[in-house]
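The values are calculated or read from the model by the stated rules, or taken from the named source; none is laboratory data. Bear in mind the structure is a predicted one, so any value in this text is a computation, not a measurement. Here the Cβ positions follow ideal geometry from the backbone for every residue, glycine too, while neighbour counts run over all protein chains shown. For the accessible areas, the whole protein counts, side chains as well, though only heavy atoms, and no ligand, DNA or RNA atoms are used. Shrake-Rupley method; radii C 1.70, N 1.55, O 1.52, S 1.80 Å.
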Amino acid sequence: MTNAASAVWTPLDCHAHTTFSDGELTIDQLIARARERGVRPSVSDHLSSYMDSAVRTVEEVRAYLRALEEFDTMRAGEFCWHDSLWRELPDDLVRRFTHRLGSLHAIWLPNGTLVYAFSRRFPDITPDEYMEAHVENLQRFAREMPVDILSHPTLLPLALRHYPLEELWTEPREERAVRALATAGIAFEISNRYRAHERFVRRALDHGVRLSLGSDGHTYDQVADVAYQLTLARSLGVPDIELYDPRRHGSRTGFFASPAELRRVS
Ligand SMILES: [Zn+2]
Ligand SMILES: [Zn+2]
């Protein structure tokens with residue numbers, strides 16, 4: 001860490017989308033928007049084989065990284081836990097990401113069916129049965145998926161969104177989730193889009209899980225909006241420099257251990 005880097009702390013939006021997936025801004029528009037807000041940008045598009053608006057193949061990931069490398073931005077990606085693409089990426093591509101996010105956009109039930117967070121179809125099970133499967137998937141995700149951040153940790157299927165989060169996320173479930181993240185060294189995202197209840201964020205912090213700021217922005221209005229997340233983190237006593245920043249805290253991609261010329265990023 002240089003003196004210049006420590007002198008002025010600037011928030012980092014670890015999670016935002018461009019036209020490479022389902023965002024509305026191009027890479028340079030996203031970067032300009034973040035700078036306007038006094039925030040350091042990341043591009044973290046959906047990299048997933050099953051989504052309509054996403055980077056869907058290893059070759060497309062290669063092209064995505066090549067495009068990002070033309071710009072002064074963090075180079076990230078949002079991968080789906082239930083999808084196969086993240087398992088197929090060769091190490092030389094993984095190393096070119098500054099950091100990676102993992103998302104539970106769908107959950108495997110014990111009988112092998114998938115429940116998608118954005119589908120109106122919901123199986124004939126109780127909310128409690130769903131939540132047990134959800135937490136088991138989260139624990140497996142933490143063991144198996146080499147990412148740096150769990151995106152929007154409280155994202156749940158549409159059919160369950162009218163229940164209070166505190167009821168679905170019982171304290172024992174929260175406990176299992178944050179222990180899994182702590183063991184794996186995966187950060188808990190404070191998402192502007194899917195806001196967690198404070199008890200869960202506090203519990204993550206109490207277990208030594210690092211917090212990250214994520215706008216999950218898809219539009220000009222949303223990108224790099226980290227005001228709520230930063231206020232919450234500060235209210236919980238988190239020093240700014242402890243918020244996840246791959247440049248400061250490293251990442252599991254190997255990016256910060258690779259040759260200097262590959263690492264040029266602000
Ligand atoms: Zn997501
Ligand atoms: Zn996202």
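Only residues of region 15-43 count here: report those whose backbone N is under 20 Å from the spot 7 Å along Cα→Cβ of Arg248, or say none.
Those under the cut-off are 15-16, 34-43.
Kindly sort Asp52, Asp221, Asp83 by accessible area of their heavy atoms, largest first, with the probe set to 1.4 Å.
On the way: Asp52 140, Asp221 110, Asp83 10 Å².
Largest to smallest exposure gives the sequence Asp52, Asp221, Asp83.
For region 1-108, compute the orientation-averaged projected area of the C-alpha convex hull (one quarter of its surface), in nm².
Details: hull surface 30.5 nm².
Reported value for the Cα convex hull: 7.6 nm².
At q = 0.20, 0.22 Å⁻¹, work out log10 I(q)/I(0) for region 80-156 with the Debye formula, treating every Cα as an identical point scatterer and leaving solvent out; two decimals please.
-0.89, -1.03
Take Glu70 and Thr231, extend 7 Å from each Cα along the Cα→Cβ direction, and tell me the distance between the two endpoints in nm.
Result: 3.8 nm between the two label points.
Calculate log10 I(q)/I(0) of the chain for q = 0.07, 0.10, 0.12 Å⁻¹, where I(q) comes from the Debye formula with a single equal point scatterer on each Cα and nothing for solvent.
After summing over all Cα pairs, the log10 values are -0.22, -0.47, -0.68.
Got a number for carbon plus sulfur as a percent of the chain's accessible area, 1.4 Å probe?
Result for the chain: 49 percent of the exposed heavy-atom area is carbon or sulfur.
Over region 113-243, with the other protein chains present, what is the accessible area per residue in square angstrom, probe 1.4 angstrom?
Numbers: 5790 Å² over 131 residues.
So region 113-243 comes to 44 Å² accessible per residue, rounded to a whole number.
Roughly what % of DSSP beta bridges within the chain run antiparallel, to the nearest 5?
Numbers: 3 of 25 bridges.
The answer is about 10 percent antiparallel.
Once the Cα gyration tensor of region 95-214 is diagonalised, what are the square roots of 5 times its eigenvalues, in whole Å and ordered largest first, as equivalent ellipsoid semi-axes? The partial results should precede the final answer.
Working: eigenvalues 97, 53, 37 Å².
Ellipsoid half-lengths, sorted descending, are 22, 16, 14 Å.
Using the alpha carbons of region 167-266, what is the convex hull volume per residue in cubic angstrom, as a whole number? List each step's numbers first, then the result.
Values: hull volume 12.1 nm³, N = 100.
Normalising the Cα hull of region 167-266 by residue number yields 121 Å³.
What is the extension gain from Thr113 to Val8, computed as 0.36 nm multiplied by their sequence separation minus the C-alpha to C-alpha distance, in nm to one decimal? The partial results should precede the final answer.
Working: separation 105, 0.36 × 105 = 37.80 nm, distance 4.86 nm.
Extending this stretch completely gives an extra 32.9 nm.
In square angstrom, rounded to the nearest 10, how much accessible surface does Asp148 have for a 1.4 Å probe?
Approximately 10 Å² for this residue.
Quick one: ranking Thr219, Thr253, Thr26 by accessible area, 1.4 Å probe, largest first, what do you get?
The most accessible residue leads, giving Thr26, Thr219, Thr253.
Please compute the length gained on full extension between His162 and Asp206, using 0.36 nm multiplied by the number of residues separating them and subtracting their Cα-Cα distance.
Working: separation 44, 0.36 × 44 = 15.84 nm, distance 2.78 nm.
Residue separation times 0.36 nm, minus the Cα-Cα distance, leaves 13.1 nm.
Considering only C-alpha atoms, what is the centroid distance from region 96-110 to region 161-184, in Å?
Centre-to-centre (Cα) distance: 17 Å.
Tell me, in nm to one decimal, what length is gained between Ile241 and Thr126 on full extension, where the rule is 0.36 nm per residue of separation less the Cα-Cα distance? Kindly include the intermediate steps, with their values, before the conclusion.
Numbers: separation 115, 0.36 × 115 = 41.40 nm, distance 4.14 nm.
Residue separation times 0.36 nm, minus the Cα-Cα distance, leaves 37.3 nm.
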